[in-house]
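Accompanying notes for the structure given below.
The values are calculated or read from the model by the stated rules, or taken from the named source; none is laboratory data. Just so you know, these numbers come straight off a predicted model, no measurement behind them. Note that we place each Cβ from the backbone using ideal geometry, even for glycine, and neighbour counts take in every protein chain shown.
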Amino acid sequence: MIDRKDVEHAARLTRLALTEAELERMREQLNSILAHLDTLRLVDTTGVEPTSHAVDVVNVMREDEVEPCFPQDAMLGNAPDRSGEFFRVPRIIEE
Amino acid sequence: MHRPIHELTDAYRRGDLTPTAVAESYLARIAALDERVGAYLTVVREHALAAAQESERRWRAGAPLGPLDGAPLALKDVLCTRGVRTTCGSKMLEAFVPPYDATVVERLRAAGAVVLGKTNLDEFAMGSSTEHSAFHPTRNPWDLSRVPGGSSGGSAAAVAGGLAAGAFGSDTGGSIRQPAAFCGVVGMKPTYGRVSRYGLVALASSLDQIGPFAQDVEDTALLLGAIAGHDRRDSTSIAAPVPDYMAELPRGVDGLTLGLPDEYFIDGMDPEVERAVRQAIDVLRGLGARIERVSLPTTRHSLAAYYIILPAEASSNLARYDGVKYGLRVPGRDLVEMESRTRAAGFGAEVRRRIMLGTYALSAGYYDAYYGKAQSVRTLVRREFGAAFARVDLIVAPTTPNVAFKHGEKEDPLSMYLNDVFTIPGNLSGIPGVSVPCGFSGAGLPIGLQILGRPLDEARVLRAAYAYEKATPWRARRPELA
Amino acid sequence: MTTPDRYEVVIGLEVHAQLRTKSKMFCGCTTTFGAPPNSQTCPVCQGMPGVLPVVNRRAVEFGIRTALAFSCRVNPACRFARKHYYYPDMPKNYQISQYEEPLAEDGFLEIEVDGGSRKIGIQRLHLEEDVGKLLHEGTLETAQASLVDFNRSGVALMETVSRPELCSPEEAAAYLRAFRAVLIFLEVCDGNMEEGSLRCDANISLRPRGQTELGTKVEIKNLNSFRNVQRALEFEARRQAQALDVGERIVQETRLWEADRGYTRSMRSKEFAHDYRYFPEPDLVPLRLDRAWVDEIRAALPELPRARRQRFVTQYGVPAYDAEVLTQSRALADYYEASVQAWGPSPGNRGDRPKTVSNWIMSELLAALPGDDELAIQRSPITPARLAGLLRLIEDGTISGKIAKDVFQKMLASGDDAAAIVGREGLTQVADEAALSQIIVSVMAANPKAIDDFKRGKKEAKGALVGQVMKATGGKANPALVNRLLEDKLSKT
Ligand SMILES: [Zn+2]
């Protein structure tokens, strides 16, 4: 069972501002989903390696060669807020 | 003028049709009908006409770029297009204009394709109905009160409704095959790694794969051939030669062994769907295929594994949307407040839910019980397919347990998730699969037959689909939109 | 400044080194330093939607090279993982790093302490990507906004974690110095701490002497010079000792070293701050490192600073101090050996040439060029052959040591040979006995008091006379000859 503290912890970790009501609703929904996912416990996976890729490709590397960068304007073009050549963000309060 | 691409290009070659006339006709149809269907989020009229004119010049000079030159296509709005906004169906990226093209888009442009626009989807490809786009829902051309499936519902509806000759989508748990089945078109998810994911906005990186929607199997082969093949920008793309899919099509199913998995005929599935699929299997048997029962017992745990892996990877992939570099920003007194408000306002309910689920599943103390466990279950699913494919050449099954449902019918997230129960195992194991129309329900709604193959064996999957399509009349039926 | 004897200090260092690859870790953007903000990025290193990383082979090679130099076990299979935390200089809000399956583990670095040496264990070495840079509008505390530059984002980083086996702040500084020298020798990192190519965090804990289990550790960030490593750790050891003395509990936390103010301060981490949610990076495939490749890299490993230092002492007979200075970079050590070789073996069994070369490098060359600036050393206008040429002119008496120093400066400025400069400017020593005798006679005539002093037993008076002669010849007189002639003349008066 996932409790309110878990929901708040996850919301903080992933930076989602949820209201009290939303947190509560989220807790209910996550519990109902997790209850269904609980059947996973029934599967015997003793000694079974996890699969993180569906392909068996290994050792993909590129040579250390410089390619042209993108123009500064193209990379700053989508910025919600910018100051000259920089992206601008509101003040950072240390955590 | 809505006909398969191979017929259009035949007509270009003969001079009976021109790419410009065809593009104009599709654009006119979009202008007239898409208000009702809602397949598109962005239509790039000027770009499309310019591309069509260039194509026309090439055809006139007798030097087309290939079998897609002048083909009017639609792209799911998760494929990055340089200079054209790419929204992912989300408020978060409503104004995002990528400075680069996805590899698939690059290849399509190089093949002379005419891009008509970007199609609608469930926000960030999370959903099975295309009701959960932040902008508007898409409707099923066969019955506007029903959903087209999802998440690539816009692409499926565009091809079904005659709003594009072909289209591309992405399939993470069935997001191409399920809407293809609901909309009565052909939809294919290639082998994981067959098509470059570079420029596909990621949902779940280890499951996502781009694939085509088409009016028939021949076009499916053409469209796949244009985008398949190794890409040095995608480390997970496979460096194997791409066969000539078109040349393989006519080889038939005579002598092939098709596996029929017990687990794909479940309690609660629509009897009309089951009947249509069983009849389709009889057709294939009649064409010379041997049918053998196979067992894929871990199928019933696939959904649970999938709903751990997908949210976990999605929560990571979607972390970058924070109002700093691109996309929406909601002001805040400080950075954390700005980011938290931006993400709460920019993401819809389903996206928020999956991000939270994934964050929880990966957080300290839960990894082994959830993500680790799901990845081990995934190994079992792969092994079972491997064992089955040692005995059979292909696996045939329904694409979905039911036909297209009504808008608003599935409010509960879990009942929505169940829609993908037959398509998810293909993503977990990475194998290729196609959905091809195999009949209609009593209410006139399309039903899909799913054919799954060995990794990189798209040619055989398409070959069986082609043989089936040639032997059945379904392709001739079109929805009445106008 | 020292910690009370009743406590034992336990320190471990985490060093992040920027690898000297031409392109970034996962994209083709250049890594050059000092370009305008956000001008060296692309969709990949700015974390745009849809992009994918591809591993830079050279970065892996550099990682393996370093691992082998530290005698680490290079894991036959390794993998990248995503490390999640939010910070605006990290575009994807996760860092591609390595977690459970790092590139290499279990090695050591030998450091010199109190005349002896000690092996400090290296726990792991892994590869990751760097983040961008943040500028604050004002100070961090008062700034209303911060500015982000992603040029550095995605640069290849190598993180090396030592075991908690360093026993004092001095040892920690020695470790970092030795570590940096190895990296520079391997040519995998330029070692430039001011520009942030090498960055250091430390873990420090205290325990009562005799106790076996470790005390609560505190992480200290922002230690970006040898001096700061030592000062910060000294401060922190004292702070912890004082707290323990009065029975306080040490809080496990991250503290920031404020170099200007000379203290560490808590970064007030909330309890969830370290939930990084690692999972295998699905956009990259595992690396299965080919034995043949690792062997090839091993075969090409250069002689490391410690070994080379020892060889310099035994082979060239230079003092340990000289050997240490001369091995601060591979370029400098190569320069030294090339100069010794160019000059040739010392005549007879004197064996003094290598030390002479060392003296000139330490006092003259390094005054002009930083010894760890490999490029500057390699491009020095005074090549090893030219330095040997200059020393030859001193040895054969053509010029005096004093003149040679001027010639050296002229060589630096012009890039000419010593012989050419000496010839052009007429700097050859006066070694003509007749000419020198005349000068000596006139100097003696002008300084009768010095002669008297000398006769009354004041031997220093002779020095004054030599000085006068040198002055009269513009420093060009051969000092040995002046001495002999003067002595001869004085004995006859
Ligand atoms: Zn880049």
Problem - Flag for residue C:33 being within 16 Å of the ligand (Cβ to nearest atom), surrounded by fewer than 24 Cβ atoms within 10 Å (Cβ to Cβ) and within 30 Å of residue C:219 (Cβ to Cβ) - result: yes
Exercise for the section: Would you kindly identify the strands (runs of 3 or more DSSP E) lying entirely within the range C:73-127 that contain at least 1 residues that are more than 14 Å from chain B (Cβ to nearest Cβ) and at pLDDT 95 or above? Expected result: C:104-113
Completion exercise
Going through (1) outside any loop (DSSP other than H, G, I, E, B); (2) buried (at least 24 other Cβ atoms within 10 Å of the Cβ); (3) among the aliphatic types (A, V, I, L, M) one by one, residue B:404 fails only at (1)
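Let's see how each residue does on (1) surrounded by 19 or more Cβ atoms within 10 Å (Cβ to Cβ); (2) more than 19 Å from the chain's Cα centre (by Cα); (3) more than 7 Å from chain B (Cβ to nearest Cβ):
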site	(1), (2), (3)
A:1	no, yes, yes
A:15	yes, no, no
A:38	no, yes, yes
A:47	no, yes, yes
A:51	yes, yes, no
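Grab the helices (runs of 4 or more DSSP H) fully contained in the range C:264-374, keeping just those with 3 or more residues being touching a residue at least 12 places away in the same chain (Cβ under 8 Å) and surrounded by 19 or more Cβ atoms within 10 Å (Cβ to Cβ). Quick ask: steps written out before the conclusion?
Working: elements: C:291-299, C:305-311, C:320-326, C:330-343, C:353-360.
The qualifying helices (runs of 4 or more DSSP H) are C:305-311, C:320-326, C:330-343, C:353-360.
Yes or no: residue C:13 crowded, with 23+ Cβ neighbours inside 10 Å, on the phi < 0 side of the Ramachandran plot and within 16 Å of the ligand (Cβ to nearest atom)?
Working: crowded, with 23+ Cβ neighbours inside 10 Å: yes; on the phi < 0 side of the Ramachandran plot: yes; within 16 Å of the ligand (Cβ to nearest atom): no.
Judged against the criteria, residue C:13 is not a match.
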Handout entry: Condition broken by residue C:131, with the remaining ones in (1) in a loop (DSSP other than H, G, I, E, B); (2) more than 8 Å from chain A (Cβ to nearest Cβ); (3) out of contact with any Ser or Thr (no Cβ under 9 Å at 6 or more places or on another chain) satisfied
Key = (3)
Exercise for the section: Quick one: which residue in B:154, B:169, B:225 is outside any loop (DSSP other than H, G, I, E, B) and out of contact with any helix residue (DSSP H, G or I) (no Cβ under 6 Å at 6 or more places or on another chain)? Expected result: B:154
Exercise for the section: Quickly run through the range B:155-202 and pick out the residues that are closer than 20 Å to residue B:438 by Cβ and either of a type in the set (A, V, I, L, M) or free of Cβ contacts under 8 Å to residues at least 12 places away in the same chain (or both). Expected result: B:156, B:157, B:159, B:160, B:176, B:180, B:181, B:185, B:186, B:188
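Specify which of the listed residues (C:468, C:438) is surrounded by 13 or more Cβ atoms within 10 Å (Cβ to Cβ), farther than 25 Å from residue C:355 by Cβ, without any contact (Cβ under 8 Å) to a residue 40 or more places away in the chain and outside the structural domain of residue C:184 (by TED's automatic domain parsing).
Working: C:438 fails: surrounded by 13 or more Cβ atoms within 10 Å (Cβ to Cβ).
On inspection, the qualifying residue turns out to be C:468.
Determine, yes or no, whether residue C:39 is away from the ligand (no atom under 16 Å from the Cβ) and in a loop (DSSP other than H, G, I, E, B).
On the way: away from the ligand (no atom under 16 Å from the Cβ): no; in a loop (DSSP other than H, G, I, E, B): yes.
Spelling it out, it is not the case that residue C:39 is away from the ligand (no atom under 16 Å from the Cβ) and in a loop (DSSP other than H, G, I, E, B).
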Problem - Residues of the range B:91-122 classified as within 14 Å of chain A (Cβ to nearest Cβ) and either crowded, with 24+ Cβ neighbours inside 10 Å or among the small types (Gly, Ala, Ser) (or both), total - result: 4
Fill in the blank from the handout: Within the range C:43-67, residues being over 21 Å from residue B:204 (Cβ atoms), within 12 Å of the ligand (Cβ to nearest atom) and surrounded by fewer than 23 Cβ atoms within 10 Å (Cβ to Cβ) number 0
Problem - Selected residue (criterion: farthest from residue B:380 (Cα to Cα)) from residues of the range A:53-74 that are facing chain B (nearest Cβ under 7 Å), within 15 Å of the ligand (Cβ to nearest atom) and not charged (D, E, K, R) - result: A:74
Completion exercise
Being away from every other protein chain (no Cβ under 14 Å) and in contact with a Gly (Cβ under 8 Å, 6 or more places away or on another chain) narrows B:210, B:176, B:238 down to just B:176
Fill in the blank from the handout: Counting only residues in the range C:213-253 that are of a type in the set (Val, Ile, Thr) and farther than 17 Å from residue C:168 by Cα, the one surrounded by the fewest Cβ atoms within 10 Å (Cβ to Cβ) is identified as C:246
Handout entry: Listing of helices (runs of 4 or more DSSP H) fully contained in the range B:413-481 that carry 3 or more residues being within 21 Å of residue B:384 (Cβ to Cβ)
Key = B:424-429, B:458-471
Practice task
Evaluate the following for residue C:228: is it among the polar types (S, T, N, Q), in a helix (DSSP H, G or I), over 20 Å from residue C:325 (Cα atoms) and in contact (Cβ under 8 Å) with a residue 12 or more places away in the chain?
Solution key: yes
Practice task
Test residue C:449 against the stated conditions and say whether it is modelled with pLDDT under 85, part of a helix (DSSP H, G or I) and not assigned by TED's automatic domain parsing to the domain that holds residue C:365.
Solution key: no
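Any idea which of B:349, B:312, B:344, B:319 is more than 7 Å from every other protein chain (Cβ to nearest Cβ) and either at pLDDT 95 or above or at positive phi (or both)?
Values: B:312 fails: more than 7 Å from every other protein chain (Cβ to nearest Cβ); B:344 fails: more than 7 Å from every other protein chain (Cβ to nearest Cβ); B:319 fails: more than 7 Å from every other protein chain (Cβ to nearest Cβ).
Within the list B:349, B:312, B:344, B:319, the selection yields B:349.
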Problem - Flag if residue C:8 is within 10 Å of another protein chain (Cβ to nearest Cβ) and away from the ligand (no atom under 16 Å from the Cβ) - result: no
